[in-house]
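Quick notes on the structure that follows.
The values are calculated or read from the model by the stated rules, or taken from the named source; none is laboratory data. Computed from a predicted structure; not experimentally measured. Cβ coordinates were reconstructed from backbone atoms using ideal geometry, including for glycine residues, and neighbour counts include every protein chain displayed.
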Amino acid sequence: MKALLSVFDKTGIEELGERLSGAGFELISTGGTHRSLSDAGVPVRQVSDVTGSPEILDGRVKTLHPVIHGGLLARRDSADHMAELESHGIGAIDVVVVNLYPFVETISKPDVSLDDALENIDIGGPTMLRAAAKNFPSVAVVVDPADYGWVADALAGGGLDQEQRRGLAAKAFQHVAVYDAAVADYLASGRADDAEMPQQVTIGLERVSSLRYGENPHQMGALYVPANGGSGGLARARQLHGRELSFNNLMDADAAWRTVSDYAEPAVCVIKHANPCGLASRDDLASAYQLAYEGDPVSAFGGIVGFNRNVTAEAADAMGPVFYEVVVAPGYDGDALEILQRKRNLRILAVDKAESASGASVYDIRPLSGGMLVQDPDVIDEDPHSWQTATQRAPSESELADLGFAWKAVKHIKSNAIAFVKDRQLVGMGAGQPNRVVSVHLSQRAAGEKADGCVLASDAFFPFPDNIELAAEAGITAIVQPGGSIRDDEVIAAADAAGIAMVFTGVRHFRH
């Protein structure tokens, strides 16, 4: 019996080699793995001694040889295959233990060169894994050091059954698929802004945690991160306190983090069911939090709070009277963490800015029946001073500042989205309605008396002037919207009649 061991990650390889040797396997290996086993006193032969061919091209060619792949691919139940092995003097290989060059780790380094990236694309390793996994009824293939122990136990005992072998083969193919996806993403990165979406998109994901269930208790769920590297973002948040995070906690916490991350100035939001029900900006975070809470104190109960600055002790104190599920922020100053930890069940997350690696991981991917929709993320630099004034009256500087704040807010509200804002505070919003005028009505109802003097943002154009008329009744003074309706003239006329300033952005921000 022969076992081929060739690993970059040497974790546990010496112990595994000892156990396989003790179970009667002849070990063959390459380079660094051979040195590790030899230094540990484990009997092992060089692959080059088995093949009769030296390693060439700076190690690029070691195991790519008929003696190796014939030994891996020969079907043990085929008399012809076994006779061919014998005629060529090739011995069957029964176990393959391989893990791959650290491609993801390499491309994650700052300023990595193309040459370094290419040198860390493994060729022989994936080829051996695929060959062994294809022939799993006869060849046991092990790619994960976590499997060394139980596989060694099985091989030293009665052997691996077919279900175990098939599971190991599936794991090997999955490992190679994820590895290849990372390489493809790296090589495809840098698509020009005007280029087509790629013909194929590869997605490699690695599970970082299992969840008790998904969106509902009858659904399974887990959290994954891109296997091609990257860092930061909600998926890699550090949980500092509180109960286990649920699927819905993570969805809402991500909505909170995305919303506040859109603002350069200090900002705080309260999220309920993936929509910001409260949002405000002030230099003092405690004041910003209080205004965000007051935007909709009824909906805030049981919500998620997001900060785009380190939480201060004063802000943590201000949150005290209200029950929240999660708070998410870049960090926590002074006594803020201790204050928040007094709430035993509050989940406290620290999040770094996301630095995605490349390729598919930067896409916005949505499932639909029978396939997936893939798009670029809704990220665009917009300068309020470049917006077109459509009405007779242009917005004042203070109105324009609020319109800029409202335009960022409405981008994070489900369409049809309307946001009422006054003095950098979201005071009313309408989300997810089948027609826009209902969203205006809901925003007015939520804002109440505070609607008077607000500005309004609409994520898409107004199809009819009735929206403007309702906004005028609420006391709206200025509006930002994309423009582009066939009834723009009627909408502008209604705004002029009400003395409302209105600007067109030329950009839409639907969020379905």
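Quick one: how many residues across region 108-137 are under 16 Å from ALA170 (Cβ atoms) and of a type in the set (S, T, N, Q)?
Result for region 108-137: 1.
When region 1-30 is examined, which residues are found to be crowded, with 16+ Cβ neighbours inside 10 Å and of a type outside the set (A, V, I, L, M, F, W, C)?
LYS2, SER6, GLY12, GLU14, GLY17, GLU18, ARG19, SER21, GLU26, SER29, THR30
Filter region 204-218 down to the residues that are part of a loop (DSSP other than H, G, I, E, B) and without any contact (Cβ under 8 Å) to a residue 24 or more places away in the chain, then identify the one that is farthest from ASN248 (Cα to Cα).
Step one: list which residues in region 204-218 are part of a loop (DSSP other than H, G, I, E, B), which gives 204, 212-218.
Cutting the leftovers down to without any contact (Cβ under 8 Å) to a residue 24 or more places away in the chain gives us 216-218.
Working: ASN216: 9, PRO217: 11, HIS218: 14 Å.
Among residues in region 204-218 that are part of a loop (DSSP other than H, G, I, E, B) and without any contact (Cβ under 8 Å) to a residue 24 or more places away in the chain, the one farthest from ASN248 (Cα to Cα) is HIS218.
Being among the aliphatic types (A, V, I, L, M), over 33 Å from the mean Cα position of the chain (by Cα) and not in a loop (DSSP other than H, G, I, E, B) narrows it down to one residue among ALA152, ALA170; which is it? Write out each step before concluding.
Details: ALA170 fails: over 33 Å from the mean Cα position of the chain (by Cα).
So the residue among ALA152, ALA170 that is among the aliphatic types (A, V, I, L, M), over 33 Å from the mean Cα position of the chain (by Cα) and not in a loop (DSSP other than H, G, I, E, B) is ALA152.
Can you go through LEU37, LEU64 and tell me which one is in contact (Cβ under 8 Å) with a residue 12 or more places away in the chain, in contact with a Gly (Cβ under 7 Å, 6 or more places away or on another chain) and closer than 17 Å to ALA131 by Cα? Break it down stepwise before answering.
Values: LEU37 fails: closer than 17 Å to ALA131 by Cα.
Only one candidate passes the filter, namely LEU64.
Pull up region 293-309, narrow it to residues that are surrounded by fewer than 22 Cβ atoms within 10 Å (Cβ to Cβ) and not small (Gly, Ala, Ser), then point me to the one that is farthest from CYS277 (Cα to Cα).
It comes out as ARG309.
Please pick out the residue among GLY331, GLY320 that is within 30 Å of ALA227 (Cα to Cα), surrounded by fewer than 23 Cβ atoms within 10 Å (Cβ to Cβ) and not assigned by TED's automatic domain parsing to the domain that holds GLU105. Give the derivation first.
Numbers: GLY320 fails: within 30 Å of ALA227 (Cα to Cα).
Being within 30 Å of ALA227 (Cα to Cα), surrounded by fewer than 23 Cβ atoms within 10 Å (Cβ to Cβ) and not assigned by TED's automatic domain parsing to the domain that holds GLU105 holds for just one of GLY331, GLY320, which is GLY331.
Enumerate the helices (runs of 4 or more DSSP H) found wholly within region 55-139, keeping only those where 3 or more residues are assigned by TED's automatic domain parsing to the domain that holds VAL151 and more than 33 Å from the chain's Cα centre (by Cα). Step through it out loud before you land on a result.
Working: elements: 66-73, 79-88, 103-107, 114-119, 124-134.
Ranges flagged: 66-73, 79-88.
Hey, can you tell me all the residues within region 490-507 that are in a loop (DSSP other than H, G, I, E, B), farther than 16 Å from SER386 by Cβ and of a type outside the set (A, V, I, L, M, F, W, C)?
Listed by number, the list holds a single entry, GLY499.
Quick check on my filter: what residues within region 122-140 are at pLDDT 85 or above and either among the aromatic types (Phe, Trp, Tyr) or within 16 Å of ASP185 (Cα to Cα) (or both)? Break it down into steps so the answer makes sense when it comes.
Going through region 122-140, the residues at pLDDT 85 or above turn out to be 123-140.
Within region 122-140, PHE136 is the sole residue that qualifies.
Can you name the residue in region 242-252 that is touching a residue at least 60 places away in the same chain (Cβ under 8 Å) and buried (at least 18 other Cβ atoms within 10 Å of the Cβ) and, of all such residues, is nearest to LYS353 (Cα to Cα)?
The extreme case among them is ASP252.
Within region 267-289, track down each residue that is farther than 14 Å from VAL326 by Cα and either surrounded by fewer than 19 Cβ atoms within 10 Å (Cβ to Cβ) or among the aliphatic types (A, V, I, L, M) (or both).
ALA267, LEU279, ALA280, ASP283, ASP284, LEU285, ALA286, SER287, ALA288
Output the residue which, of all residues in region 421-433 that are farther than 19 Å from TYR289 by Cα and out of contact with any Ser or Thr (no Cβ under 6 Å at 6 or more places or on another chain), is modelled with the highest pLDDT. Can you show your working first?
Filtering region 421-433 for residues farther than 19 Å from TYR289 by Cα gives 430-433.
In the following step, the residues that additionally are out of contact with any Ser or Thr (no Cβ under 6 Å at 6 or more places or on another chain) were identified as 431-432.
Numbers: ALA431: 93, GLY432: 89.
This residue is ALA431.
If we scan region 76-87, do we find a residue that is among the hydrophobic types (A, V, I, L, M, F, W, C), in contact with a Leu (Cβ under 9 Å, 6 or more places away or on another chain) and farther than 24 Å from PRO145 by Cα? Working first, answer last.
First, pick out the residues of region 76-87 that are among the hydrophobic types (A, V, I, L, M, F, W, C): 79, 82-83, 85.
This time we only want the ones that are in contact with a Leu (Cβ under 9 Å, 6 or more places away or on another chain), so: none.
Within region 76-87, none of the residues are among the hydrophobic types (A, V, I, L, M, F, W, C), in contact with a Leu (Cβ under 9 Å, 6 or more places away or on another chain) and farther than 24 Å from PRO145 by Cα.
Does PRO377 qualify as being closer than 24 Å to CYS277 by Cβ, part of a loop (DSSP other than H, G, I, E, B) and not acidic (Asp, Glu)?
Details: closer than 24 Å to CYS277 by Cβ: yes; part of a loop (DSSP other than H, G, I, E, B): yes; not acidic (Asp, Glu): yes.
The answer is yes for PRO377.
Looking at LEU340, LEU368, LEU349, LEU373 in this structure, which one is within 23 Å of LEU205 (Cβ to Cβ) and modelled with pLDDT of 95 or more?
Working: LEU340 fails: within 23 Å of LEU205 (Cβ to Cβ); LEU368 fails: modelled with pLDDT of 95 or more; LEU373 fails: modelled with pLDDT of 95 or more.
The match here is LEU349.
For ARG309, state whether it is out of contact with any His (no Cβ under 7 Å at 6 or more places or on another chain), at pLDDT 95 or above and more than 30 Å from GLN200 (Cα to Cα). I'd like the intermediate steps shown before the answer.
On the way: out of contact with any His (no Cβ under 7 Å at 6 or more places or on another chain): yes; at pLDDT 95 or above: yes; more than 30 Å from GLN200 (Cα to Cα): yes.
So ARG309 fits the description; yes.
Counting just the residues of region 381-420 that are part of a loop (DSSP other than H, G, I, E, B), at pLDDT 95 or above and hydroxyl-bearing (Ser, Thr, Tyr), which one comes out surrounded by the most Cβ atoms within 10 Å (Cβ to Cβ)?
THR391
Residues that are closer than 30 Å to ASN216 by Cα: list the helices (runs of 4 or more DSSP H) wholly contained in region 246-318 that include at least 3 such residues.
Working: elements: 247-261, 285-295, 297-300, 313-318.
Output list reads 247-261, 285-295, 297-300.
State which residue is modelled with the highest pLDDT when the search covers only region 208-248 and only residues that are in contact with a Ser or Thr (Cβ under 7 Å, 6 or more places away or on another chain) and of a type in the set (Gly, Ala, Ser).
Among those that are in contact with a Ser or Thr (Cβ under 7 Å, 6 or more places away or on another chain) and of a type in the set (Gly, Ala, Ser), it is ALA222.
If you check MET82 against the conditions, is it buried (at least 21 other Cβ atoms within 10 Å of the Cβ) and out of contact with any Gly (no Cβ under 8 Å at 6 or more places or on another chain)? Lay out the reasoning, then the answer.
Working: buried (at least 21 other Cβ atoms within 10 Å of the Cβ): no; out of contact with any Gly (no Cβ under 8 Å at 6 or more places or on another chain): yes.
For MET82, the condition - buried (at least 21 other Cβ atoms within 10 Å of the Cβ) and out of contact with any Gly (no Cβ under 8 Å at 6 or more places or on another chain) - is not met.
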